[in-house]
Amino acid sequence: IVQKNDADVLKLSEDFAPVKAAERVAMDMLSLELTKMDQGIEKLQAVVKNNLLEPSDSGSEREEDELINSTPMGRFSTSAASKIQSLSNEFNDVRSSFTDLLRYFGEDSSMSPEAFFGTINTFVSMFDQTHKELERKEEAKARRKRIEEKQRLRKEEMAKKAKS
């Protein structure tokens, strides 16, 4: 039925190719790694500040930032902090989009990405297997039909030869 009505549906596995990789993404581990990177940069910035500023210095935050950015390590920490913040924002957007995706599919919001995408991959795999099995059955049916037609034609030829 699908083959006759909408053959594009049979290309489902092509559309879901990226899902195979998504199954291997561990969101909890990514969150933990982002947290560790953020903590590491905070420690680095504290070390840079402690080595540059005197305890009696009570400059403005702007002056502190300028002083920190005057060293290579300070510039690195500022740049890295900005990139980590950007990654963290993107990660939060992905997490929110994933929650929306779970809601769209009617799944529990606590379902892990590994479980969700594993379910999708299993479905796509079973869909492909079923499609291939149906194609094999159709080919076998067509082959039997051709053989039966050849046998019928031979019988007709033999009947004609027997009459003549």
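The values are calculated or read from the model by the stated rules, or taken from the named source; none is laboratory data. All values reported here derive from a predicted model rather than from experimental measurement. Glycine gets a Cβ as well: all are built from the backbone with ideal geometry, and neighbour counts include every protein chain shown. Just the protein is used for accessible areas: all its heavy atoms, side chains included, with ligands, DNA and RNA removed. Shrake-Rupley method; radii C 1.70, N 1.55, O 1.52, S 1.80 Å.
Per-structure values
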{"read-out": "Leading residue by the ranking (farthest from the chain's Cα centre (by Cα)) among those in the range 114-130 that are open to solvent by 40 Å² or more (accessible area, probe 1.4 Å) and under 18 Å from Val9 (Cα atoms)", "value": "Thr130"}
{"read-out": "Selection from the range 66-89 of residues that are surrounded by fewer than 16 Cβ atoms within 10 Å (Cβ to Cβ) and within 27 Å of the chain's Cα centre (by Cα)", "value": "Ser82, Lys83, Gln85, Ser86, Leu87, Ser88, Asn89"}
{"read-out": "Residue in the range 105-113 that is in a helix (DSSP H, G or I), hydrophobic (A, V, I, L, M, F, W, C) and surrounded by 10 or more Cβ atoms within 10 Å (Cβ to Cβ) present", "value": "no"}
